[in-house]
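Colleague: The structure follows.
Please treat every number below as a calculation from the coordinates, not as lab data. Because the structure is a prediction, the values reported are computed rather than measured. Virtual Cβ from ideal backbone geometry, glycine too; neighbours counted across all protein chains shown.
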Amino acid sequence: MNKIYYRILSVFVTLALALGNYYTAQASPVTAANAYYVSTTGSDTNPGTLASPFKTISKAINTAVTGDSIYVRAGTYPSFAVSKSGISIAGYNGEMPIISGGIGIRCYNASNVIIQGFEVTAASGNYIGAIMLDGCSNVTVQGNKVHDNIAASVSGITLSGSNNKILNNEVYNNNYSGIRISGTSLNNEIAFNKVYNHTMSAGDSDGIDLVVSSVTNTNIHNNTIFGNSDDGIDTWVSPANIITNNVSYGNGGTGDGNGFKLGGDSNGGGNTVSGNIAYSNKACGFTSNGNGNYYESNTSYNNGSCGFDDGSRVAGNTQKSSFINNRAYNNPQINFRTLAEYLTIFIGNLETAPDATSVATSTAITVASPTFTATALPPTIAPTNTAIATSTQIAFTPTASPMPIVPTATNSAVPTVTSQPTSIPATSIPATPVSVPSGNSVDIRVSSGNDDVEENSSGVMYLDSSDLELIYDGNAQVVGIRFTGVGIPQGATITNAYIQFKVDETSSSKLKLTIAGEASANASAFSTSTRNVSLRPRTSNKVTWAPTSWSKVGDQGTLQRTPNLKAIIQEIIGKPNWNSGNSIVMIISGGSGKRVASSFENDSAGAPLLHIEFSMPALPVAASPTFTATATQIIPLASPTSLPATITLEPTQIPSTPTAAAVEIILATDTPAPTETPIPATP
């Protein structure tokens, strides 16, 4: 009895000591990471502080150790290379330093690195990128502008390596492709980028280009790709990628000109292609001359030849394709081109003209299942020495003592993609015309202290003012206000728009203001460079405003509301490269007199708010569609389930108005509808 008692007591003592040691270890202080600063006015003999910065980025990299952050002030710098893991390099406080010439930015055999907020131009060399990841892993490249790298065969961003993220970059006017993946590269993510105008390399300039069969499981989502001389997205021989929610338009010059090219030989294919839009491309919206893919809920219209082309197979391509709930219209040669022997399922697809290709046979789907999850939005820079968040837009705004930008220490296990279909949606086929609601509105409030700024008469910028003087503050200044994430689709008609202010100080002096917009489809962030507001191009449409007295602090009613700005907003969103989610800058100028409004710094909830009301054109769908719906026999799988009694097309918004014609829903068939139909394996 006593022996048992002492054994139990011994166990509890041992456990208590272990827990004590654990909590003591947890409470131990963690050594803070260092932050180093670089400025064109600095010196490499300095300690690298904000007050006494280094002069070169290379010096800062050589000094930094794992966990350290490097902040680079505005200015032009030579190219640099990173071969050290666990460090972060970013533009300081919203400034965008320029890297010009040489090799651009290189990462060699490093991991857990962040490269953010640079403008990279004039790089040179063969088959390289202005930003290049060479054998790197777990690296994030985000918020950069990569453009006009025009030496022979230079792409915008290239990478070889795994588990990297290419997020929220603007890549344009480079010689070769925009974003190019080669080498042995697995599980990379390319998202929220704008990639356009790659036309210099005759016939070979793609927007996003996956070039070898050892590139696989790439997650390509929420990108906008246009104006490239070859294809928008080209997976060529790269298999088993997930391609979702991208928009690809206006591609094709001297090259092929497809919106999405999804396999070029027997090594390619097996892609999951969902929720994408392709229009106004030279050739097809979606094409594959390799193995099969899984297509669901994509839209293809107004392309030069075809909507979906799965009928250009070559010998050796045996993998099947599935088409579920896709839309195609106004493609002059054919909307859907398929071959029965290569088709698994053709259900719920909608077109106007010409007629869909009938399908004679159907077999079980063999598309492989990629395994990783799309990042919902570009990550923020972590405020402390922790992992990078992935739930909100980039908001990197360090102050005089910025918080370190430390990359994720380790890469978590690859999760399973959540967007893949496990069954065919069951809703009813619309019997009446479907239209986008005529009344829509958005409210966008300034969300950063750097987005409501003042510029004095000498051109000096104030990015952190505690209020906004409209417009006289010892001199006639100019006020700039930037609204990010403006969710207005292309083709919208603006019916009403205004900026709502909140009174910060009372004032009643006579005042006349002029309001214009920046004539840009995606206005860049403000910086401290001289006259960063007044030198921006302005819209031809302007509005004058003579606000009455502001007599009570805190008021934010109709007296603090601008006149209707719809003509200004319409001019901006009418630009050909406007995309929903872009940023708009409004510019306010005037003479003497002032009204004082709250700014983000002293009242984030009362910061300027942009209200926009808009309508969308009706989507013409035939009022009474007629079709013959039958179902095909599908080879049973290991665990069959039942096909829903009603197979329907979930109506989604089509960005522009097609020419209405007969609507048909075509179901693959050669046998009567079975009572129990297995669902295909999840692609």
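Colleague: Going by how many other beta carbons lie within 10 Å of each one, how would you line up K512, K55, fewest first?
Modeller: By the 10 Å Cβ count, ascending: K512, K55.
Colleague: Using alpha carbon centroids, what distance separates the stretch 507-533 and the stretch 443-490, in Å?
Modeller: 6
Colleague: So if I take the centroid of the Cα atoms in the stretch 230-308 and the same for the stretch 38-56, what is the distance between those two points in Å?
Modeller: Result: 48 Å between the Cα centres.
Colleague: In which sequence would Y472, Y295 go, from the one with the fewest C-beta neighbours within 10 Å to the one with the most?
Modeller: Y472, Y295
Colleague: So for the stretch 91-225, averaging the separation of alpha carbon pairs under 8 Å that are six or more residues apart and normalising by length, what relative contact order in percent results?
Modeller: Across the stretch 91-225, relative contact order equals 18 percent.
Colleague: While we're here: Given R₀ = 51 Å, FRET efficiency for S529-S213 by Cβ-Cβ distance, to 0.05?
Modeller: 0.65
Colleague: Moving to a separate point now. What does the charge dipole of the stretch 476-631 about its Cα centre add up to, to the nearest 20 debye, if the Cβ of each Lys and Arg holds +1 and the Cβ of each Asp and Glu holds -1?
Modeller: Magnitude of the dipole: close to 460 debye.
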